[in-house]
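Worksheet for the structure shown next.
Nothing in this text is a laboratory measurement; each read-out follows from the coordinates by a stated rule. On a predicted model such as this, the values are computed, not experimentally measured, just so you know. Here the Cβ positions follow ideal geometry from the backbone for every residue, glycine too, while neighbour counts run over all protein chains shown.
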Amino acid sequence: MSPLEIVAAQFDAYNAQDLEGMLGKYSEDCIVAELNGPVLQSGKAEIRARYAKIFADYPQNRARSINRIALGATVIDHEQVARGPEGPHFEAICVYAIKDGLIARVDFAQ
């Protein structure tokens, strides 16, 4: 899979609230961080815990990709997220680093 296909597959799994399908695109030691800021999760177990809670708390959570670009192994997504029909709503920039066919790092800017 290309980096764009990897990110698209994890994005589709996220929108389906398919936790295992989403996590299947992440490396075991993946880092999730704020862009130029602190690490939020380190490793699949912490990522699993974060998204299991989001999916439980917001069963209607969905994201829409406004724009997705790639350069080599880096994919940048501009997303609109709605936790449900009534909100909350927010936008985010997600920078995905792909290594060995998996997401190795994600940096978020909101």
Quiz item: Which angle from 0 to 90°, rounded to the nearest 10, does the C-alpha axis of helix 44-57 make with the longest principal axis of the chain?
Solution: 20 degrees
Quiz item: For segment 66-76, in order, what is each residue's ³J(HN,Hα) by Karplus, 6.51 cos²θ - 1.76 cosθ + 1.60 with θ = phi - 60°, in whole Hz (x at glycine and Pro)?
Solution: 7, 7, 9, 10, 9, 9, x, 8, 10, 10, 10
Quiz item: What ³J(HN,Hα) values, in whole Hz, does the Karplus curve 6.51 cos²θ - 1.76 cosθ + 1.60 give for segment 100-105 when θ = phi - 60°, with x put for Gly and Pro?
Solution: 6, x, 9, 6, 9, 7
Quiz item: Roughly what % of DSSP beta bridges within the chain run antiparallel, to the nearest 5?
Solution: 85 percent
Exercise. Compute from the Cα atoms of the chain the Rg and the Dmax, the latter being the longest Cα-Cα distance, and quote both in angstrom.
Key: 12.9, 39
Quiz item: Can you give the charge dipole size of the chain about its Cα centre, rounded to the nearest 20 debye, using +1 on the beta carbon of Lys and Arg and -1 on the beta carbon of Asp and Glu?
Solution: 40 debye
